[in-house]
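Single-structure report; data block below.
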Amino acid sequence: MSTTLTQAGSTGAAMPRALWALMVGNFVIGTGVMVVPGTLNDISASLGVSIPQAGQLITAAAILMGLGAPLFATLVAGWDRRRLLTYAMLWYAALMGICALAPSYAALLPLRVLAVISPAIFTPQAAASIGLLVPSSQRGRAITFVFLGWSVASVMGMPLSAWIGSELGWRWAFGLVALMALGSAAWVWRDMPDGIKPAALSRQAWGQTLGSPALMMAVGVTLLSAFGQFTLFSYFAPYFAQTLGASGQVLSLMFLWFGAFGLLGNVMVTRFIDRIGAPTAVLITLGLMVLTLLLWPLGRHAIWAMGLVLVPWALGCFSCNSAQQARLVQLSPALAPASVALNTSAMYGGQALGAALGGVMIAQGQMLRLHQVGLVVLVLAMGLSLWAARVQKRSCSVR
């Protein structure tokens with residue numbers, strides 16, 4: 001069956017059905033990850049905790065996802081991916097449903113950490129499976145297609161969660177994610193073929209990955225990119241409420257606006273990445289986010305102005321990570337299970353660092369300076385990305 005999928009992918013006409021299941025799975029994963037930023041105001045109010053304390057739900061979950069991605073990549077190396085990805089979604093459904101019933105913040109925090117075991121497994125293992133579903137000439141397009149799920153989550157999942165949170169409460173938003181995870185588990189089970197088992201991660205594979213300057217520098221770009229973004233992105237809801245007086249309905253519309261351009265950016269990268277190359281795509285997307293943070297103060301005085309300022313960031317936000325995934329797989333397809341797991345770890349690690357730093361700054365009354373920190377870190381990410389591209393060229397010329 002995997003041979004049939006590969007042949008289908010080589011035609012360029014349509015994505016294999018399994019990739020659609022993985023893309024939708026990433027949509028559900030992304031919606032569940034972003035449900036906390038989208039409902040942060042209601043979580044804070046209903047559970048009687050401060051905004052920085054509620055933000056620890058983001059930090060704690062990101063730490064688990066960051067540490068868990070490479071660990072789980074080793075533990076599940078021999079699993080059939082159809083079963084592994086289905087079980088991960090069922091776990092997500094159960095734990096998100098239990099989170100929705102949590103009676104207090106003290107109960108919600110550990111439950112949230114347990115729930116995000118699923119993102120730590122699903123996203124990197126879905127990406128690592130792509131090489132067995134499509135030929136090498138289609139990998140860039142296939143990877144960015146699967147990661148469209150995160151962009152769709154920003155277009156539909158995050159705004160819907162924010163709206164449900166403002167109208168019905170955060171518990172209903174968590175419950176919605178639980179129901180979607182059940183449906184996604186069924187879809188993955190139906191369309192993912194048996195026998196998809198990426199190569200086991202041996203000590204040698206980990207050693208080669210960790211010893212590759214090009215791979216590790218590329219992973220560092222992801223860490224800095226997520227760090228810079230989530231210093232501010234984690235606190236969009238309270239930031240817009242404080243600076244623009246945005247209501248719950250306005251917040252959901254702003255998230256929808258952001259997500260729509262995020263989807264557009266990912267579609268554009270999916271279409272052109274094999275033509276312009278992954279390193280160039282990464283640099284462009286990082287530059288778009290830097291542009292928004294340079295213009296950020298211009299959006300503080302009107303919602304329409306902030307909407308315009310957000311456009312470049314949205315275009316680069318999710319497409320940057322898709323391009324990074326493609327970059328790593330193209331650098332070394334054989335080491336993709338390890339490098340993608342480390343990249344996922346870096347992404348979530350950056351989220352943890354950004355959310356933690358943003359929470360500390362807000363507690364000290366520095367909310368209006370969050371964008372300055374993000375700008376500096378994203379500029380560093382651009383510099384590291386350029387350096388990584390040069391190292392890659394040197395290594396290729398030596399070969």
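At-a-glance table
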| read-out | value |
| --- | --- |
| Test: TRP150 is surrounded by fewer than 24 Cβ atoms within 10 Å (Cβ to Cβ), part of a helix (DSSP H, G or I) and either touching a helix residue (DSSP H, G or I) at 6+ places or on another chain (Cβ under 9 Å) or modelled with pLDDT under 80 (or both) | no |
| Identity of the residue in the range 195-219, small (Gly, Ala, Ser) and crowded, with 18+ Cβ neighbours inside 10 Å, that ends up modelled with the highest pLDDT | ALA218 |
| Residue within the range 287-299 that is over 25 Å from LEU263 (Cβ atoms) and modelled with pLDDT of 85 or more present | yes |
| Neighbours by Cβ (under 8 Å, 6+ apart or cross-chain): first from the range 308-322, farther than 12 Å from PHE233 by Cβ; second of a type in the set (Lys, Arg) | none |
| Only one of ILE63, ILE143, ILE130, ILE121 that is closer than 29 Å to ALA281 by Cα, in a helix (DSSP H, G or I) and without any contact (Cβ under 8 Å) to a residue 60 or more places away in the chain | ILE121 |
| Test for ALA341: is it in contact with a Gly (Cβ under 9 Å, 6 or more places away or on another chain) and either closer than 23 Å to LEU67 by Cα or modelled with pLDDT under 90 (or both) | no |
| Unique residue being among the aliphatic types (A, V, I, L, M) and more than 28 Å from ARG394 (Cα to Cα) when the list is LEU215, LEU224, LEU210, LEU251 | LEU251 |
| Exclusive hit being in contact with a helix residue (DSSP H, G or I) (Cβ under 9 Å, 6 or more places away or on another chain) and under 20 Å from GLY66 (Cα atoms), set PHE261, PHE230, PHE255 | PHE230 |
| Flag for PHE255 being touching a residue at least 24 places away in the same chain (Cβ under 8 Å), crowded, with 24+ Cβ neighbours inside 10 Å, within 19 Å of LEU353 (Cα to Cα) and not charged (D, E, K, R) | no |
| Count - residues of the range 266-286 that are modelled with pLDDT of 85 or more and not hydrophobic (A, V, I, L, M, F, W, C) | 3 |
| Selection count where residues are outside any helix (DSSP H, G or I) and of a type in the set (Phe, Trp, Tyr), scope the range 273-302 | 0 |
| Any chance GLY55 is modelled with pLDDT of 85 or more, of a type outside the set (S, T, N, Q), buried (at least 23 other Cβ atoms within 10 Å of the Cβ) and more than 20 Å from LEU176 (Cα to Cα) | yes |
| Boolean, ALA356 is at pLDDT below 85, surrounded by fewer than 24 Cβ atoms within 10 Å (Cβ to Cβ) and not hydroxyl-bearing (Ser, Thr, Tyr) | no |
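Here's the yes/no breakdown for (1) surrounded by fewer than 17 Cβ atoms within 10 Å (Cβ to Cβ); (2) of a type in the set (S, T, N, Q); (3) touching a Leu at 6+ places or on another chain (Cβ under 8 Å); (4) closer than 19 Å to PHE27 by Cα:
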residue	(1), (2), (3), (4)
TYR239	no, no, yes, no
GLY245	yes, no, no, no
GLY262	no, no, yes, yes
THR270	no, yes, yes, yes
LEU283	no, no, yes, no
MET289	no, no, yes, no
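The values are calculated or read from the model by the stated rules, or taken from the named source; none is laboratory data. Since the structure is predicted, the reported quantities are computational estimates derived from the model, not experimental observations. As a convention, Cβ positions derive from the backbone with ideal geometry for all residues, glycine included, and neighbour counts pool all protein chains shown.
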